Amino acid sequence: MRVSIKDISIVLLALGGLFSPSAAAAAQDAGHHGHDHGHEATAGDSSQWRMPPMDMIMMMPGIQGRIPNVGPYLPGQGIDPATIPAARFREVMELADGDTIDLEAMLVRRVFKDDEFVMFGFNGQYPGPLIRVEQHSTITVNFTNSIDMPSTIHWHGIRLANEFDGVPGVTQDAVQPGESFVYEVVFPDAGIYWYHPHVREDIQQDLGLYGNMLVDSPDPDYYGPANREEILILDDLLVDERGLFPWGAEHTTHATMGRFGNLFLVNGKPGDSQEVTAGEVVRFHLTNVANARALNVSFGGNPIKLVAGDLSRFEREEWVESVVLAPAERYVVDVHFEKPGNFAFMNRAQGLDHMMAEFVEAYDTLGVVTVRDGALEHDHRVTFAELRAYQEVTDDIEGYREHFDRLPDHEMVLTIRAGDLPAPVLLMMGVDTIYVPPVEWTDGMVDMNWLVTGRDITWLLREPATGRENLDLAWEFEQGDVIKLRIVNDPLSFHPMHHPIHIHGQRFLVLDQDGRRKENLVWQDTALIPVGTTVDLLVEMSNPGDWMIHCHTAEHLSAGMAMVFTVHASP
């Protein structure tokens with residue numbers, strides 16, 4: 001017999017076991033003074049735990065009064081916010097080969113809807129400075145850590161020298177508060193990239209330590225013609241009526257599904273607004289820096305042309321209705337705004353309420369594009385209507401096609417191991433629900449997700465051939481090897497969940513999903529692996545050193561979902 005959470009909830013509701021709206025609101029106002037799952041909440045200040053903000057009016061029985069088994073963390077405790085500099089919008093650093101810049105991770109003061117928050121920022125900016133360089137340039141970055149925890153900078157997607165990859169314990173020591181580190185960053189590939197910490201990403205990245213790098217090709221015809229371009233970083237932030245919702249101090253909270261925010265940010269601001277002239281083609285460089293939320297974005301029904309991904313253009317451009325971005329993924333799209341009007345820049349998804357086993361439509365407006373009548377300097381509607389093929393990309397991939405149909409060299413299963421969890425969470429997780437979504441677009445189990453910490457569960461990269469997991473894996477390759485990696489996302493695990501898998505320092509092609517060959521290839525560094533799917537990657541091991549593979553859901557990484565592999569330099 002298959003039993004759903006909804007079935008159990010109906011029974012418990014009849015027994016009076018679920019919170020009423022008024023009881024849920026009362027619990028929302030509670031804090032705590034302890035760090036044990038069994039402690040009941042008592043009144044406290046904003047640095048103490050309180051129940052997370054929830055859309056649902058019912059909670060799982062037994063959740064009320066429980067708190068995570070870690071202490072809460074908020075930045076800037078004990079510091080007068082008035083002494084912290086107000087953050088300013090990012091500046092553009094247009095750099096030449098050989099230039100040197102300074103980046104400082106620091107406390108900043110932000111205001112959202114008249115509420116003042118203490119957050120982090122690079123150089124006091126939100127997002128961090130936009131670094132714009134020519135392909136094949138090399139720059140030097142003097143990084144200073146002025147926050148209250150160790151940090152680094154990881155140059156996401158950049159195939160640079162291993163010693164500058166920014167991974168503590170693998171490529172460098174963590175940069176302690178008040179200390180500095182010098183990075184040398186080379187840019188071998190054109191496209192859109194981003195930088196962020198690789199220490200407690202669930203806290204530091206979420207608090208604003210991220211920025212884009214736009215690498216321009218020397219080929220003026222690299223992309224098709226457009227009237228303008230916009231560089232958009234997409235994020236979400238978890239807040240309630242008392243401010244920022246605390247993070248776990250010793251270990252991550254929200255360790256099952258990741259920390260979903262309820263305030264959407266575009267370039268660090270809620271409610272993006274763009275003004276364009278009717279007829280314009282706008283190129284959007286999109287980056288998802290959210291901790292856990294995958295996005296499905298569209299532009300008010302205006303036609304979207306998919307042009308490029310993480311590390312290259314696609315073999316050919318495609319028409320798409322929307323663009324799915326998992327955490328850490330980037331896409332370049334061209335959008336034609338033909339007619340005047342106001343068009344919503346929208347995230348449209350279908351969430352699953354695990355409590356009631358019901359689908360919930362989630363339409364989130366990220367911003368508005370206002371299209372006005374006016375004269376166009378250049379009319380690109382004819383070229384926009386054409387789908388260009390990029391023979392250079394196909395030619396580059398051609399040398400790898402001999403590897404497409406061979407057996408995998410390595411296989412990895414994505415799964416989870418649970419420890420001593422609170423009984424209500426075990427009940428929620430242990431029920432065989434009727435349907436497990438391939439992608440969790442929303443947090444459909446808010447209170448249970450919050451309670452589970454990195455002390456309670458371990459997310460796993462498991463090699464079925466040996467049984468080894470995470471950092472016990474030790475794959476070794478030679479520079480120049482081409483590796484076929486099969487990744488299986490176990491749908492029968494304790495908590496099935498999608499995972500954006502990121503491979504440092506190399507590039508790969510997504511060849512197949514569930515045996516279906518991808519017809520339009522693109523070089524990537526991050527790939528979304530939905531629940532229950534088998535995905536084959538072809539990885540070019542071109543860059544020597546010790547590198548990470550990990551899930552880019554920040555809480556899953558913090559809960560162990562990472563391994564290190566070695567590429568030995570050729571003689």
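What follows draws every value from the coordinates through simple rules; no lab data is involved. All figures in this text were calculated on a predicted structure; none of them were measured in a lab. No Cβ is skipped: glycine too gets one built from the backbone with ideal geometry, and neighbour counts run over all protein chains shown.
Quick notes
- Calculated P(r) of the chain - Cα pairs past 33 Å, %: 42 percent
- For the range 160-228, GluC sites (Glu not before Pro) are listed when DSSP marks them as loop and at most 14 other Cβ atoms sit within 10 Å of their Cβ; the list is Glu179.
- Counting only Cα atoms, the range 82-216 measures 43, 31, 22 Å along its principal axes, largest extent leading.
- Across Lys484/Lys518; Lys305/Lys484; Lys113/Lys269, pairs whose alpha-carbon gap is larger than 22 Å: Lys305/Lys484
- Cleavage-rule hits, GluC sites (Glu not before Pro), the range 76-124, DSSP coil, Cβ neighbours within 10 Å at most 15: Glu91
- Share of Cα-Cα pairs in the range 401-568 lying beyond 21 Å, as whole percent: 48 percent
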